[in-house]
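Report on the following structure.
The values are calculated or read from the model by the stated rules, or taken from the named source; none is laboratory data. Only a predicted model underlies this, so the values are computations on that prediction, with no experimental measurement involved. In this analysis, Cβ positions are derived from the backbone assuming ideal geometry, glycine residues included, and neighbour counts consider all displayed protein chains.
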Ligand SMILES: Cc1ncc(C[n+]2csc(CCOP(=O)(O)OP(=O)(O)O)c2C)c(N)n1
């Protein structure tokens, strides 16, 4: 371990990206994500990487995809208004199966909202913000250290499943300062982009099984193929044949859903004897942890279920832990993950929601538990 | 020299373009330019947006990237910047580059990144069947301008010059040799180049504006295109229904990827 350093969640995200081997970053400044761009502007040239500030978030997303097609591990970061602009080309990355990482440091919305206040209102946008059927991978760290870990993981998942991966940071974790140990290289897994062993003549960029991918050959390496946002067949060329369209669009979901167990990550705290389970993620999980401790001091059997992957949701784990127990979902929105929890558990749940720009306090969750 | 068939994806033919469309003329000059300059097929990337013209890359045997409407230059910027060894050509329509993609065009010009952009200017939105574009002449008819277009049209080449592109030229599908020549010069320019190729869309622009078929429209181009030198001697009145062709700008400036390479060289390994 290197010696502990004090940093923000946004900075830890940058260190995670560097640890994962980021080769390209494109972005447009927006609070509360700007530190990510600023730090990368400083660090990227030192490691021979490419940093560019584009004219908006639409082009940042596009340039990120372009760089990924050139073979670089690529990332962009933004917040709500910019995340909205990224949706168009995020969908392109989904359709064309181009690996990349998109960070959204969530702030209060809709629209310009409260630029410096925390929120978790973009959970469903991360899932369904871009048009058309597709699956999403989205991760939400709750600490500065986890911001590092989740970023490394996001790059790995992007490369493994040839898909954009979203990091749902929030203003709390993004701007929170904690002392963390940055792990030594070699102590965490870094996945390089899979390489094809087919010759250029044999290579078909989308000739993949329902639950997998074909390695993406970088442009300029002798593999000449076509990438389009039009629905395409296994060769990558546009197709309107119903069977080919059906296969392609179903595969965008199945390649992720059939690997849910490989992707999902969650943590539980004091769930074994608990009769009440709080479900919380990101910055809100910090308050929920404190709530749990306060409740335990009072002799209440309260546990915490904390999904790290919001999409896909750790469905099986949630059922194992929370089915038929009292469940309280706490989040800084009007109940977005709560919808997913209800769908999975098929039971009534309780909600603690806050959308006034202030974090949810431990007492507010405790009040719900105690029926105050 | 071969006729360039080996640079085509012949198994993707027939193409989607209407009979008489000018897109094939521009595309063939792009191919011949690549051939004459002997660009490496494996190192050349052709990027496009959305529109009839933007379908061209699908027929060309290179690494090809058909992106979203208006965004081709933004994708191409990421590609080129991330691997400056790649040779990048962008094929785009007048709506693609001047309306939805106008901002990306301005900033690609400003950065002077080494990309050659060929604008297929058919004065109309072809793919969506004939709505007016920012380059539809004022007064022309379009499906969304049934009483005549009241918008002022804008001069994309002059915009590119003002925004900082280092090679800018305009010609037409009638002047094919000149078109190839300009494309080649754009490709050779180490910086951002814009070649505006005025082309004809008999189906959606010509028919509605009673300009006849492809041959009449090509003749119209011949009669209305005035070379820069000749234009200097004409009065404003004489130029009223004409447009100017030629090289508007050709002046090297520091190229974006090279500047960044210099920045990397200066900072690399610093702690
Ligand atoms: C975001 C978005 N808006 C609108 C469209 C619909 N659309 C497709 S092509 C096009 C216009 C194309 O015109 P132009 O760029 O002039 O190319 P042409 O078809 O004439 O070659 C439009 C509006 C789209 N595909 N995406």
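In table form, for the structure just shown:
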read-out	value
Which listed residue is out of contact with any helix residue (DSSP H, G or I) (no Cβ under 9 Å at 6 or more places or on another chain), more than 14 Å from chain B (Cβ to nearest Cβ) and more than 21 Å from residue A:153 (Cβ to Cβ), from A:243, A:288, A:295	A:243
The range B:59-70 - residue that is facing chain A (nearest Cβ under 7 Å) and closer than 20 Å to residue A:218 by Cβ and, of those, surrounded by the fewest Cβ atoms within 10 Å (Cβ to Cβ)	B:61
Close pairs from the range B:98-109: first under 8 Å from residue A:55 (Cβ atoms), partner within 8 Å of the ligand (Cβ to nearest atom) and not in a helix (DSSP H, G or I), Cβ under 9 Å, at least 6 apart	B:103/B:70; B:104/B:70
Residues (surrounded by fewer than 24 Cβ atoms within 10 Å (Cβ to Cβ), away from chain A (no Cβ under 11 Å) and near the ligand (Cβ under 8 Å from one of its atoms)) located in the range B:99-122	B:99
Residue B:143 being within 16 Å of the ligand (Cβ to nearest atom), closer than 19 Å to residue B:221 by Cβ and in contact with a strand residue (DSSP E or B) (Cβ under 7 Å, 6 or more places away or on another chain)	no
So residue A:143, is it assigned by TED's automatic domain parsing to the domain that holds residue A:164 and out of contact with any strand residue (DSSP E or B) (no Cβ under 8 Å at 6 or more places or on another chain)	no
Pick from the range B:81-92, criterion within 8 Å of chain A (Cβ to nearest Cβ) and in contact (Cβ under 8 Å) with a residue 12 or more places away in the chain, ranking: nearest to residue A:89 (Cα to Cα)	B:81
Unique match (being buried (at least 17 other Cβ atoms within 10 Å of the Cβ) and either over 13 Å from the mean Cα position of the chain (by Cα) or under 30 Å from residue A:47 (Cβ atoms) (or both)) among B:37, B:91, B:79, B:10	B:79
Elements of type helices (runs of 4 or more DSSP H) contained in the range B:170-265, each with 2 or more residues being within 22 Å of residue B:101 (Cβ to Cβ) and either away from chain A (no Cβ under 14 Å) or within 16 Å of the ligand (Cβ to nearest atom) (or both)	B:176-188
In the range B:33-50, the residues that are under 26 Å from residue B:98 (Cα atoms) and away from chain A (no Cβ under 12 Å)	B:33, B:34
Hey, residue A:181 modelled with pLDDT under 95 and under 30 Å from residue A:281 (Cα atoms) or not	yes
Filtered residues of the range A:340-365 (kept if touching a strand residue (DSSP E or B) at 6+ places or on another chain (Cβ under 9 Å) and part of a helix (DSSP H, G or I))	A:340, A:341, A:342, A:345, A:364, A:365
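Residue by residue, here is whether (1) within 16 Å of the ligand (Cβ to nearest atom); (2) more than 11 Å from chain B (Cβ to nearest Cβ); (3) in contact with a strand residue (DSSP E or B) (Cβ under 8 Å, 6 or more places away or on another chain) holds:
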site	(1), (2), (3)
A:30	no, yes, yes
A:44	no, no, yes
A:66	no, no, yes
A:86	yes, yes, yes
A:91	yes, no, no
